[in-house]
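To start, the structure under review is shown below, and the notes come after it.
The values are calculated or read from the model by the stated rules, or taken from the named source; none is laboratory data. From a predicted model like this one, the values you see are computed outputs, not experimental measurements. Quick reminder, even Gly has a Cβ in these numbers, built from the backbone with ideal geometry, and neighbours come from all protein chains shown. Calculation scope for accessible area: heavy atoms of the full protein, side chains included, ligands and nucleic acids excluded. Shrake-Rupley method; radii C 1.70, N 1.55, O 1.52, S 1.80 Å.
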Amino acid sequence: FLPSSASSDSFLQCLSTVIPSNLVFTQSSSSFTSVLQSSVQNPKFITNTTVRPLCIVTASDVSHVQSAVRCGRANGVRLRVRSGGHDYEGLSYRSVQPEVFAVVDLARLRGVHLNPGEASAWVDAGTTLGELYYAIGTTNPGFLFPGGACATVGVSGFISGGGIGIMMRKYGVGGDNVLDAKIVNANGDLLDRAAMGEDVFWAIRGGGGESFGIVVAWRLKLSPVPPIVTVVNTIRTMEQGVVDLVAKWESTILSPLNVPDLTIRVVLQNTVAIFQTLYLGRCTDLLNTLRNVFPELGMTAADCNELTWLRAMAFVYFGNTNTPVEGLLNRTNNVGDHYFKATSDYVRRAVGSAGWSSLYQQWLSKNGNGQMILEPHGGAVGGANTNTTSPYPHRRGVLFNIQYGSNWCCDANGTMAAAGLAWLKGIYGFMEPFVTSNPREAFANYRDLDLGQNVIGKDGLSSYWSGRVWAERYFMGNYRRLAAAKAMADPTDYFRNEQSIPPLPK
Ligand code: FDA
C-alpha cells in the first residue's frame, strides 16, 4: 500500500478542493514541523529518520474529517488520527514502515457541551482530559468523569484504549462511561451509536485507537461526586519501611481495602514510594477508614487536602494546591529532552515483601529516573460481569496494573538510550515470576511495539493470526470479538497501524 507520487498529488489536490488551505500543512509548508510537533510527547519520534506524514489536516469541522477520509480512500492514502498526541509509540503521527500517509489532527475539534445538573456531556474528540475536567468542574460541579491523572492526554486516545485512572474503582474505566459516540467510517459517513451498531460501539470503547474509524465526538456519562474530596501525597523512604508498606498496600486492595471511594495509587522511584490517595469524601472519613485497614501508612489530618473535585484533579496532575485549575487547560507540551519508553504488567497475586525488597535493591535504586506506577483495581472495575462491559479485560481478580517507565536525556539512540532501555528490559524480566502469564497481560494504552506488530497478509489485510501475539495480551478473550467488529466496521482494513485490530477472516 505505497501510493505513487501521482496518487499523493491527487490526494493533496482532492483535499485542496474540499478543505480550506489554511487547515492543511504539507511537508513544504513553513509551519509543518511546528504543527507536527505540537502535541508530541516523546522527542524519540521526531528525529530526522522518523517516517513523517505527507500532510497534516487540522480539522476544525467534522466535514473536514469526512472529506479527508474520502480523499484518502479515493487515492489510496491512509490516514492516522491524532487527538492528544500521547501515544507511547507515536503511532498517531508517525509510521514505523516507510509508507505514505496523512495525519488528521483533531486538536481544533474540541469542546465540551454540557448543562448544569445533567449526568452526561457531548465531548468533541480533540478535547483533552484537563479541558474536560475544567468544563465539568466549572459548569457542572457535583459530577465527575473517571479519567486519568495526566491532563494533556486526549479524551479520545484515553477511551479508545480503555482508560484507567484514580476514580475507576468507583465508576469503572473510561470506556465503561460512554453512552454514545459519533464516528466517521471508511466511506466517510458519519455514524452514531444506533447507526454503527452495538458491536462497533462496544469495540471503540477500549479496543484500541485507529482501528474502527475516526471518532469525532463522545457522549460521556458523568457520575456524582461530593462537594469536597480529599487528596494526599504521602512519601515514604527505605528508612521509613517502604518495602513493608508497599507489601501491606497490595494485600489490602481487594480486601479489606476494597472501598471504592478510596484509591491509593503508588509511584515507586529510586528508594522511595509516593502513595497518592484520592478519597471521595472528607478527611475524617478517610482517616477512619485507613485506621482500620492501613494504619501503617501513618496518614494524619495535617496531610489532607480537602478540595473540590476539580481542584483535586489539578492536585493529582501538578502535585500541589497552588497551581490554578486553569492550568488544566494548557495543552502545550514542553517535552524538551525527556525521552522515554514504557511497558506494563498486571498482578493478580501479591508480590510480597521479599519481592519488593529485591526490586528496590536490584532495580529501582539503580536507576534514579526509572519508575513503576501501580494502579489499584478492584471496586467497580473488577466487579462480577464487567469483563465485557467494554473491551478492557483486566478486571476480576486483578490487584493492580504496573507501568514501568524509563526516562533519559538526551538522545534517541545513543548510550543514554541504550542504558535506559536495558534497565527497562531488566526490570521487566525480573518481574516475570510475579505477574500474569499465558498471556502476560499488558495495557493497550501503554502501547509497546516490542510486544509485537501487525503483519500484512497476502490479501493485503493485517493478519488476525499474527495479531494474536500482541493483541491477546492487551485484550485477552475479547480479541476475537474486536476482530469481528473490525470486519464489520472496516473490512478493507483502511484504518490501520502497527497495532490496530485486524479484521476477523471469513
Ligand atoms: P494520540 O492522539 O496519540 O492517540 C492515541 C491512539 O489513539 C492512536 O493510535 C490514535 O491514532 C488513536 N486515536 C486518537 N484519536 C482518535 C480518534 N478520535 N478516533 C480514533 N482513534 C483515535 N492512560 C490511561 O489510561 N491512564 C492514565 O492515567 C494515563 N496517563 C498518561 C500519562 C502520560 C504522560 C502519557 C504520555 C500517557 C498516559 N496514558 C494514560 C496513556 C494514554 O491514555 C494513551 O497514550 C492514549 O492513547 C493517548 O491518547 P491521545 O489522544 O493523547 O493520543
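Annotation: of all residues in region 7-34 being in a helix (DSSP H, G or I), farther than 18 Å from P98 by Cβ and among the small types (G, A, S), the one that is least open to solvent (accessible area, probe 1.4 Å) is S10.
Going through (1) within 14 Å of the ligand (Cβ to nearest atom); (2) more than 21 Å from R311 (Cβ to Cβ); (3) not aromatic (F, W, Y); (4) not in a helix (DSSP H, G or I) one by one, V200 falls short only on (4). Within region 32-51, residues that are within 18 Å of C150 (Cα to Cα) and among the β-branched types (V, I, T) sit with their Cβ atoms under 8 Å from residues that are within 12 Å of the ligand (Cβ to nearest atom) and open to solvent by less than 60 Å² (accessible area, probe 1.4 Å), at 6+ positions apart or across chains, in these pairs: V40/G85; V40/G90; V40/Y93; V40/N333; V40/V335. Where helices (runs of 4 or more DSSP H) fall wholly inside region 225-340, the ranges with 2 or more residues that are under 30 Å from A107 (Cα atoms) and touching a helix residue (DSSP H, G or I) at 6+ places or on another chain (Cβ under 7 Å) are 309-318.
Per the listing G157, G163, the residue uniquely in a loop (DSSP other than H, G, I, E, B), buried (at least 21 other Cβ atoms within 10 Å of the Cβ) and within 11 Å of the ligand (Cβ to nearest atom) is G163. Just a yes or no: is a residue in region 119-128 under 25 Å from F11 (Cβ atoms) and either within 16 Å of the ligand (Cβ to nearest atom) or assigned to a strand (DSSP E or B) (or both)? Checked region 119-128: at least one residue is under 25 Å from F11 (Cβ atoms) and either within 16 Å of the ligand (Cβ to nearest atom) or assigned to a strand (DSSP E or B) (or both). The set of residues from region 408-427 being open to solvent by 40 Å² or more (accessible area, probe 1.4 Å) and either within 27 Å of E441 (Cα to Cα) or not polar (S, T, N, Q) (or both) comprises C409, C410, M416, A418, A419, L421, A422, K425. Counting only residues that are out of contact with any Phe, Trp or Tyr (no Cβ under 6 Å at 6 or more places or on another chain) and assigned to a helix (DSSP H, G or I), region 341-366 holds 12 of them. Just for region 269-328: of the residues that are touching a residue at least 12 places away in the same chain (Cβ under 8 Å) and among the basic types (K, R), which one is surrounded by the most Cβ atoms within 10 Å (Cβ to Cβ)? Checked region 269-328; the qualifying residue surrounded by the most Cβ atoms within 10 Å (Cβ to Cβ) is R311. Within region 470-489, the set of residues being of a type outside the set (K, R) and open to solvent by less than 10 Å² (accessible area, probe 1.4 Å) comprises W470, A471, Y474, F475, Y479, L482, A483, A485. A count restricted to region 373-398 and to residues that are assigned to a loop (DSSP other than H, G, I, E, B) and open to solvent by less than 30 Å² (accessible area, probe 1.4 Å) stands at 11.
When residues in region 95-118 are screened for being more than 15 Å from L15 (Cβ to Cβ) and either out of contact with any Pro (no Cβ under 9 Å at 6 or more places or on another chain) or near the ligand (Cβ under 10 Å from one of its atoms) (or both), 15 of them pass.
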